[in-house]
Structure formats: C-alpha cells, structure tokens
Amino acid sequence: ANRFQTFRAFRSRNYRLYFIGQSVSLIGTWMQKTAVSWVIYALTHSTFMLGVTLFASLFPSFLFSLIGGVVSDRYNRYKVLLTTQAASLIQALILAVLILLKHYEVWEILSLSVVLGIINAFDVPARQSLVYEMVQNKSDLPNALALNSSMVNLSRIVGPAIAGVVLESVGNGACFLLNALSFVAVIVSLLMMKLPKYRSEERRVGKECRSRW
C-alpha cells in the first residue's frame with residue numbers, strides 16, 4: 001500500500017509516459033554535460049574555460065526565462081514542449097556530428113551551449129506547467145511533483161556515472177549521440193499522450209467573460 005502511495009501519480013497514463021521519456025532524456029542531458037566538460041578541458045586544459053562553458057549554458061536560460069514563462073502561459077504548452085524537445089534533439093545531433101567527425105572548435109561548443117540554454121528557457125516552464133494537465137486526479141499532483149524532483153536528482157547521479165563509463169570505453173562522441181537519441185524517447189512519449197483540449201475553450205470563455213464586463 002505504501003509503495004502504491006509513493007507512485008500514485010503513475011495512475012495517470014500521460015504522466016507515466018512523461019516520466020519514462022523525461023527520465024531517459026535527463027540522463028542523456030547529464031551525459032552530454034559531462035562529455036562537454038571533458039571535451040572543453042581536453043582542448044584547452046583550462047579550468048576557466050570550464051566555467052565559461054557552464055555560464056554559456058546557464059545564463060541564456062536566466063536571461064530568457066521570463067519570455068519562456070509568458071510563452072508557456074499564452075500558448076499551447078504541449079506544442080511548445082514538442083518544439084523545444086525537437087530543437088534540443090537537433091542541437092544534440094549537431095554537437096554529436098561535430099564530435100564524431102572530430103571537426104570542432106571551442107567556440108562551436110560554446111555557441112551550441114548558448115543555443116541549448118535558450119531552448120531550456122522555454123522548455124522548463126512549459127514542462128513544469130504541463131504536469132498539471134498530465135495528472136488526471138489533481139490530488140496526485142503533489143506526488144507527481146515529488147517524483148519529478150526525485151527524477152531530476154537521480155539523473156544528476158546516473159547520467160555522469162554512465163558518461164564516465166562511455167567516455168572510457170567508447171569515446172566522447174558516443175555520449176553526444178546517446179543524448180541526441182534520448183530526446184526521441186521524450187518526443188515519442190509526448191506523441192503518445194492524450195491530453196484534454198479544454199485550454200483553448202477556457203481562453204474563449206475568458207474572452208466572453210471580459211467582453212461582458
């Protein structure tokens with residue numbers, strides 16, 4: 001019974017799909033972050049450049065987070081999330097190709113890190129807001145948010161650990177390719193969802209109410 005209570009948000013099919021896809025994607029993301037740090041340090045042997053790389057991925061998210069929140073609030077969050085995941089897939093694929101072909105410079109990796117930071121500024125608000133629509137029984141929402149937090153924290157441990165094994169046994173290119181493939185899991189899980197279409201109706205009702213006032 002306690003186990004069921006711990007995972008009661010999984011009663012919602014949409015949330016189950018989201019959790020599985022997002023878990024794979026987050027592990028891939030942390031694999032890529034670890035591999036990026038490894039590649040940058042191998043190229044520059046500079047701890048300063050490691051900091052610059054981290055800044056390049058985080059600052060755009062901070063800079064555009066307000067716009068991302070507005071977009072998530074005004075537009076279809078499901079479509080926004082599909083768009084950001086597709087964009088993340090393209091970004092990861094470009095990075096993987098550059099690394100696998102061994103034709104890359106520091107500025108290229110930094111530029112792609114900036115692109116990913118901008119994507120995340122729109123992705124995170126849409127993803128967090130969409131969880132509410134995924135959970136059928138709203139009493140399970142706190143459990144869904146707790147599971148999300150556990151998923152994020154676990155991926156921070158599992159992702160770098162797997163990246164270390166892959167870097168040692170296969171090479172850095174494999175980490176980037178696996179991350180690109182991980183976004184396929186999210187996109188497939190999103191396409192398999194059956195979400196309600198009441199939000200467009202809510203906007204229409206809201207406009208009617210405002211016109212009456």
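Please verify whether the stretch 1-21 includes one or more residues that are surrounded by fewer than 15 Cβ atoms within 10 Å (Cβ to Cβ), under 30 Å from Val166 (Cα atoms) and hydroxyl-bearing (Ser, Thr, Tyr). No: zero hits. Only one of the numbered conditions (1) farther than 13 Å from Leu110 by Cα; (2) surrounded by fewer than 16 Cβ atoms within 10 Å (Cβ to Cβ); (3) free of Cβ contacts under 8 Å to residues at least 24 places away in the same chain is violated by Asp73, and that is (3).
Of the residues making up the stretch 129-153, those that are in contact (Cβ under 8 Å) with a residue 24 or more places away in the chain and open to solvent by 70 Å² or more (accessible area, probe 1.4 Å) are Gln136, Asn137. Scanning the stretch 22-48 for residues that are hydrophobic (A, V, I, L, M, F, W, C) and open to solvent by 40 Å² or more (accessible area, probe 1.4 Å) yields Val24, Ile27, Trp30, Trp38, Ala42, Leu43, Phe48.
The values are calculated or read from the model by the stated rules, or taken from the named source; none is laboratory data. A quick note: this is a predicted structure, and the numbers were derived from the prediction, not measured. No Cβ is skipped: glycine too gets one built from the backbone with ideal geometry, and neighbour counts run over all protein chains shown. The area values use the complete protein model at the heavy-atom level, side chains included, leaving out ligands, DNA and RNA. Shrake-Rupley method; radii C 1.70, N 1.55, O 1.52, S 1.80 Å.
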